[in-house]
Amino acid sequence: MRNATREAQVAQPIFELSDFFKVTFKRVETNSSIGRQSATNRLQSATTTNNDIVENIVDSIVENNITEVQKAIVTLMNDNPKINIKLPAETVGIAPRNVQVHIKTLKNLGIIKRVGPAKGGHWVVLDS
């Protein structure tokens, strides 16, 4: 997302992780519809990068209307695919059993999947 916004010459998104994962996009301020159209064209013409995967994940999250806790779990899995149940539980501040429930929901929505065995496998955040 950062590369795409840089190429489109718009403000960089702000990423925050506390009790939940948050991405803030700055609105492009213009005085005319021509300026808005120009900004839209710049965004649409940005080249495809690996960060498009993250953008697709965010779109999928918005479409599926998942919770802030689930967004944080997806972010943690994307950062560390070999993550276990304990780390998201401690990071988000919920019981490990609740993390398992959230993971099941994310798997059912097609946002994540487990590759390999419970021990030694890893998480894949799908490019939906």
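Computed from the coordinates by the stated procedures, all read-outs in this text should not be read as laboratory data. Being a predicted model, the structure only gives us computed values, none of them experimental. Cβ placement follows ideal geometry from the backbone for every residue including glycine, while neighbour counts extend to all protein chains displayed.
Compared with the direct C-alpha span, the chain from K113 to N80 gains 10.5 nm at full extension, assuming 0.36 nm per residue. Of all lysines in the structure, those lying under 19 Å Cα to Cα from K71, and not within fewer than 8 positions of it along the same chain, are K22, K82, K86, K104, K107, K113. Under the simplified labelling scheme, the I14-K104 pair shows an inter-label distance of 3.8 nm, with each label point 7 Å from Cα along Cα→Cβ. Compared with the direct C-alpha span, the chain from R97 to T24 gains 23.3 nm at full extension, assuming 0.36 nm per residue. Overall, the anisotropy analysis places the range 63-125 in the oblate class: the square-rooted eigenvalues a ≥ b ≥ c of its C-alpha gyration tensor yield a/c not less than 1.5, with a/b not exceeding b/c.
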